[in-house]
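The values are calculated or read from the model by the stated rules, or taken from the named source; none is laboratory data. Model, not experiment: these values are computed from the prediction. Note that each Cβ is placed from the backbone with ideal geometry, even for glycine, and that neighbours are counted across all protein chains shown. SASA here: full protein model, heavy atoms, side chains in, ligands and nucleic acids out. Shrake-Rupley method; radii C 1.70, N 1.55, O 1.52, S 1.80 Å.
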Amino acid sequence: MKWTYDWLMEYLKTDASASAIADTLTQIGLEVEDLQSPISPIAARIVECKPHENSDHLHVLMVNDGTNTLRQVVCGAPNARVGLISALAVPGCVIGGMEIKSGKLRGVLSDGMMCSARELGIGDDHSGIIELPADTKIGSPVIDAKTVFDAGITPNRPDYLSVRGVARDLSASGIGEYIAPTDKEFEPVAGTRCVKLETPKCRAYKMIEIHGVNIAPSDKKIASRLAAIGINPKNAAVDATNYICYDMAQPMHCFDADEINGDIVVRDARAGEKFTDLFGNEHELTENDMVIADASGVLALAGVIGGARGSTTEKTKNIILESAYFDPVSVRKSAKRLGISTDASYRYERGIDPTITGVAAMRAADIIMDACGGKIVCAYAAGTDVAPDVKIKYTPSYFKKKTGFDIDADTQAEILTRLGYKIKISGDDWTLTPPPARVDVQIPETVVADLLRIYGYEKIATSSAHTIGDARPHDTHEMEIKTLLASRGLNECRSFGFGNLSTEQLLSDKPNVKIANPITSDYDTMRNGLLCGLLTAVSNNEKRGYANLNLFELGTVFDGDMPGNQHTSLCIVRTGATSPKHWTGRNRNVDVYDIKSDLIALMGGQKFTVSTDNAPRWAHPYRYAALMQGKKCIAEFGELHPSVAKKLRIKTNTVVAIVDDIKNLPARRRGTAPILSDFQPITRDFAFIVDADTMAEKLTTTARATDNRITDVVVFDAFDMADGKKSIAFTITIQPTENMSDTDLMALQNAVIGAVEKKCNAQIRDK
């Protein structure tokens, strides 16, 4: 999005410089990528004109530019002659998007460029260099070189696609005062034409027919502003629609009324219907496209591009102006399918202010009639300009809940009012109605974001002093998990929210949420898990020689295509060796016990059992386990299945842990130390005889679950015995909470023995 400084000043009263405005815009969310303050071409008199010795059409000129030294310029214009005053672009000037530099043309130095009217952006004449009046002051600027802002617009802020929208946000930031425009309301005028809306994709359509125009150049102000932002001025009729598009973010189109047969009809295209656009390209339309038509056929692809038939020319005498609101989804689908991107489609796709079609049409009509004359013979309105009924329930305390620091209610109300919100207050409950141009505002979180950016992120550190125990924005469950994993040597990875259908089906049997129009064929679903992204990272790193990885990702995964069908998941992946090669000792490859220890650390002392049943597709069937609490799976871990690794081209040993929903993990406040008991811990050893295929984990988890005072269970011995049996010995650690007598201790020991013997088909060893 580009605009000029003087254009902005039409809607903003301020003394701030262009650079200060650019800085403010960047601070409040509109990143100004470039600020151009070009050098203006100046008037210069040709005092000498000689033929170029190496060319039959070039001239070598000596020109007086108002300094004490004549400047040599090579020029090919046929009207170059001694005494002519013309426009000289000195080195540093930007003409037609190109910076003028000193250089040689066919061996002769040229220290500048003589310009035509077209090159200056003030006309179409390119037959020769511009001829200025004889009384023009030598060295004076020929045109007003405008300061131009160039900003990158995010998809959620279509209101920034208008100069008025930029001015309003700047005024809300306190850098100036918004100058509300005095727009004329649309006034219907009975005529011989009408507009018929035959599709719900068009909510509102304004048509103004003007007769008796003489196509003429635009007003100098409008032409110079358009030229400065890179739009070549053509004539007042076409320029008016381009100007309104940038000024108000309302795309418009201008038809030759004499080429239109009957009424204007907005309808869905017919399958196979042909349409030739204004550049001469033919397109075959489908029933999903929306068109502007008359009795003879298609005139324009609605919201995207006009057609060759009905376009205005220099001979046009009667015109029809179109100003409408078209469905964003319909416009985007048509533009993407046909590979067409225009200023109009860019705005319609993101959503425009649905209430300004009428005032935009009136403004464009005035611009045209001021330059070309004419009279409105018909003005027809179809549909409605009513804004969507968006009501957001909000309380001032919600801001602190989301950000961790407070802004008083009066300040919040003042900022929102400056942004154009309407506020209805009932005690602590507010009902907010965003301005109609802010189609992005639907939920309270967007309101909080607006308050933050206008209040100033730089003020947060100084205005949000916290006392010990206060909740900070970063003291969240997710941050606790990330901090703990980082302390264990894991690095956070962030992958796309999209997934690959074939890979996801390879890894799990979860349902897939397919994307109708994916950005690339590799990302054709919304991800149903995080493992796909992490394994892609492992594969890509391995190709580049980085096989030893310790990664985790915590992010949103999708269960369906409806709002709320999502949750936050955690995935951990370790690959390669546990440490680099070193002379002090041998390193080893990571195994399932490394990844299991990560999960145990996250469990925060919660008790669990281990199950090896129902291994998922990604896991090695004999090197997989799940942490269970009753019948609920809290987490799962294991080694990557060899066939999966082969298909993903991963040669390094890889172990994985997945917590499908982080709500299953306990929340802990960081920085709080565990409460130390006043009593000494007690240890007791046990040895059991079990079947040879019984896992030691089953015994230890059973023993630990026997009593809350058992804080640790460690296996210290295991060996095979005859008759398909084996011996497993372990130590339990008991942390008393009060004095324990020998009777109490014996009761606990017997409880452990009884539980292990019953649940693990075990027998206590007596020797």
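Some points to look at:
- Checking the range 579-591 against the condition returns no match, with no residue being open to solvent by less than 50 Å² (accessible area, probe 1.4 Å), within 27 Å of D509 (Cβ to Cβ) and in contact with a Gly (Cβ under 6 Å, 6 or more places away or on another chain).
- Count of the range 582-593 residues which are assigned to a loop (DSSP other than H, G, I, E, B) and either under 40 Å from the mean Cα position of the chain (by Cα) or charged (D, E, K, R) (or both): 4
- For I368, the criteria (1) modelled with pLDDT of 90 or more; (2) closer than 30 Å to E187 by Cβ; (3) not in a helix (DSSP H, G or I) hold in every case but one, which is (3).
- Scanning the range 93-122 for residues that are surrounded by fewer than 17 Cβ atoms within 10 Å (Cβ to Cβ) and either out of contact with any strand residue (DSSP E or B) (no Cβ under 8 Å at 6 or more places or on another chain) or over 20 Å from R81 (Cα atoms) (or both) gives V94, G96, G97, M98, E99, K101, S102, G103, K104, R106, G107.
- No other residue among D327, D294, D277, D289 is under 26 Å from R164 (Cβ atoms) and among the charged types (D, E, K, R) apart from D327.
- Unique match (being open to solvent by less than 20 Å² (accessible area, probe 1.4 Å) and in contact with a Gly (Cβ under 8 Å, 6 or more places away or on another chain)) among I21, I46: I46
- Counting only residues that are at positive phi and charged (D, E, K, R), the range 92-141 holds 1 of them.
- Filtered by the rule that a residue be open to solvent by 30 Å² or more (accessible area, probe 1.4 Å) and either of a type in the set (G, A, S) or at pLDDT 90 or above (or both), the range 58-82 gives H59, M62, N64, G66, L70, R71, Q72, G76, P78, N79, R81, V82.
- No other residue among S727, S741 is among the small types (G, A, S), open to solvent by less than 60 Å² (accessible area, probe 1.4 Å) and either within 22 Å of K607 (Cα to Cα) or touching a Phe, Trp or Tyr at 6+ places or on another chain (Cβ under 9 Å) (or both) apart from S727.
- Residues that are open to solvent by less than 60 Å² (accessible area, probe 1.4 Å) and either in contact with a Lys or Arg (Cβ under 7 Å, 6 or more places away or on another chain) or not in a helix (DSSP H, G or I) (or both), drawn from the range 334-346: I340, T342
- Lone qualifier among D406, D410 - being part of a helix (DSSP H, G or I) and either open to solvent by 20 Å² or more (accessible area, probe 1.4 Å) or basic (K, R) (or both): D410
- Inter-residue pairs, beta-carbon under 7 Å, first without any contact (Cβ under 8 Å) to a residue 60 or more places away in the chain and in the range 309-330, second among the hydrophobic types (A, V, I, L, M, F, W, C) and open to solvent by 10 Å² or more (accessible area, probe 1.4 Å), 6+ apart: G310/I260; S311/L278
- Of residues in the range 162-213 being of a type in the set (F, W, Y) and either without any contact (Cβ under 8 Å) to a residue 40 or more places away in the chain or open to solvent by 10 Å² or more (accessible area, probe 1.4 Å) (or both), the one farthest from D370 (Cα to Cα): Y178
- The residue list A645, A667, A692, A657 contains one member that is exposed (fewer than 14 other Cβ atoms within 10 Å of the Cβ) and either at pLDDT below 90 or under 51 Å from the mean Cα position of the chain (by Cα) (or both), which is A667.
- Scan the range 169-199 for residues that are farther than 20 Å from I454 by Cα and not in a loop (DSSP other than H, G, I, E, B) and the total you get is 4.
- Residues being free of Cβ contacts under 8 Å to residues at least 24 places away in the same chain, among the acidic types (D, E) and within 22 Å of T147 (Cα to Cα) - total across the range 88-132: 1
- Residues in the range 594-625 that are of a type outside the set (G, A, S), assigned to a loop (DSSP other than H, G, I, E, B) and under 19 Å from A645 (Cα atoms) were compared, and the one that is least open to solvent (accessible area, probe 1.4 Å) is W618.
- Members of the range 123-146 found to be open to solvent by less than 40 Å² (accessible area, probe 1.4 Å), touching a Pro at 6+ places or on another chain (Cβ under 8 Å) and of a type outside the set (A, V, I, L, M, F, W, C), listed by number: G123, G128, K146
- The listed residue being assigned to a strand (DSSP E or B) and out of contact with any Ser or Thr (no Cβ under 8 Å at 6 or more places or on another chain), out of L61, L109: L61
- Those strands (runs of 3 or more DSSP E) of the range 223-333 in which 1 or more residues are under 22 Å from L197 (Cβ atoms) and open to solvent by 40 Å² or more (accessible area, probe 1.4 Å) occupy 264-268.
- With a requirement of 2 or more residues that are open to solvent by less than 70 Å² (accessible area, probe 1.4 Å), closer than 24 Å to H641 by Cβ and not aliphatic (A, V, I, L, M), the helices (runs of 4 or more DSSP H) lying completely within the range 470-545 that satisfy it span 501-507, 531-543.
- V195 under 22 Å from T357 (Cβ atoms) and in contact with a Cys (Cβ under 8 Å, 6 or more places away or on another chain): no
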